[in-house]
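Please read the structure below before turning to the comments.
The values are calculated or read from the model by the stated rules, or taken from the named source; none is laboratory data. No experiment lies behind these values; they were computed from the predicted model shown. As a convention, Cβ positions derive from the backbone with ideal geometry for all residues, glycine included, and neighbour counts pool all protein chains shown.
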């Protein structure tokens with residue numbers, strides 16, 4: 001978000017694909033991002049561009065998962081708060097994802113003053129010492145916790161699917 005805030009867009013366009021939403025089989029994504037997390041991310045985007053956010057449904061492969069995630073995003077767009085009971089994922093971040101994100105931040109730091117550490121930038125001089133580094137570490141940890149894990153047969157994915165509501169909000173169209 002720091003780069004997006006510094007860029008200060010006039011409008012935010014989102015291609016909303018939901019392959020990462022929990023409920024998808026590993027070959028189709030393998031991520032485990034809750035619909036509520038998609039809503040919270042949308043709520044964060046609403047802080048940009050005076051709330052001018054356009055979302056275009058890109059797709060997904062599990063109708064219930066798509067509907068759940070879409071509903072959470074639309075609720076956020078309508079101003080419904082997503083904070084009740086929401087918690088960022090608490091799983092230990094994937095080390096490779098942390099390394100990749102740290103490298104991206106290192107490269108982008110040259111182009112975006114908002115990523116400069118407090119010791120390198122006077123714009124952070126009013127902050128609590130070390131706050132920028134803590135914020136960066138929290139961001140890396142949060143993003144890395146959204147990374148894919150390889151599911152093993154008989155794992156959480158199968159249990160998640162059986163615990164999901166089977167009530168469909170709309171009928172599935174036959175595969176052509």
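Within the range 48-78, take every residue that is over 17 Å from residue 18 (Cβ atoms) and free of Cβ contacts under 8 Å to residues at least 24 places away in the same chain and give me the one that is surrounded by the fewest Cβ atoms within 10 Å (Cβ to Cβ). It would help to see each step written out before you state the result.
Residues of the range 48-78 over 17 Å from residue 18 (Cβ atoms): 48-52, 78.
Next cut, free of Cβ contacts under 8 Å to residues at least 24 places away in the same chain only: 50-51, 78.
Values: 50: 11, 51: 12, 78: 7.
In this case the residue turns out to be 78.
Do we find that residue 83 is assigned to a helix (DSSP H, G or I) and modelled with pLDDT under 80 in this structure?
no
If I ask for residues that are at pLDDT below 85 and touching a strand residue (DSSP E or B) at 6+ places or on another chain (Cβ under 6 Å), which ones from the range 22-78 would you list? I'd like the intermediate steps shown before the answer.
First, pick out the residues of the range 22-78 that are at pLDDT below 85: 22-32, 59-62.
The answer is 59, and nothing else.
If the Cβ limit is 8 Å and pairs must be 6+ apart or interchain, which residue in the range 10-21 that is touching a residue at least 60 places away in the same chain (Cβ under 8 Å) pairs with which residue that is in a loop (DSSP other than H, G, I, E, B) and surrounded by fewer than 17 Cβ atoms within 10 Å (Cβ to Cβ)?
Here the result reads 20/31, each pair linking the range 10-21 to a residue that is in a loop (DSSP other than H, G, I, E, B) and surrounded by fewer than 17 Cβ atoms within 10 Å (Cβ to Cβ).
Determine, yes or no, whether residue 145 is at pLDDT below 70, farther than 26 Å from residue 16 by Cβ and touching a helix residue (DSSP H, G or I) at 6+ places or on another chain (Cβ under 9 Å).
no
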